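Novice: To start, I am sharing the structure in question, which I have written as structure tokens.
Every number in this text was worked out from the coordinates using simple rules, so none of it is lab data. Keep in mind it's a predicted model, so treat the numbers as computed, not measured. We place every Cβ from the backbone using ideal geometry, glycine too, and count neighbours over all the protein chains shown.
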Amino acid sequence: MKIVVGTDGSPDAQRGVEWAADHARNVGAEIVAVYSIEMIYPAAPMAVPVLADVDESRRSEAEIALEEACAPLREAGVPYRAVIDDGNAAAAIERVADEEAADLLVVGRRGRGALGSLLLGSVTNQLLHHTTHTVVVVPPAKKRTADD
């Protein structure tokens, strides 16, 4: 079994990585962790998208962030690979999932709510509406209340 997990190093994405690590350990799966460096589209009409200063420094930062994000995979002792992809995060996760013939995609949910996701966009929503792969969406951590 092969699991592709998307991460950007955020706490909500980390919950997805942690869930994937636990699940992979239970079912004997391999994980491919995907970190995307987003593209910037120039303001000029008909301009070709260019990578926004994806120099060695930015790529090094991405490698460090991905290495840190993969800590739960190492701790769980599951086989994994880490991939940095240039471009839209949802498209990158989908592309890697297709290339790897993934059985499962795992992503964290930021918990912005319906309106926030609609206005700001959501990697999770894009994947849910466009992928042919099975997707697990790991919810954000429960916020503690005075009653907890």
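Novice: Sort I64, I37, I93 so that the residue with the fewest other Cβ atoms within 10 Å of its own Cβ comes first and the one with the most comes last.
Specialist: I64, I37, I93
Novice: What is the fewest-to-most order of T124, T134 by other Cβ atoms lying within 10 Å of their Cβ?
Specialist: Ranking T124, T134 by Cβ neighbours within 10 Å, fewest first, gives T134, T124.
Novice: If you don't mind, there's one more thing I want to ask. Quick one: if you stick a label point 7 Å off each Cα along the C-beta vector at K142 and A65, how many nm between them?
Specialist: 3.0
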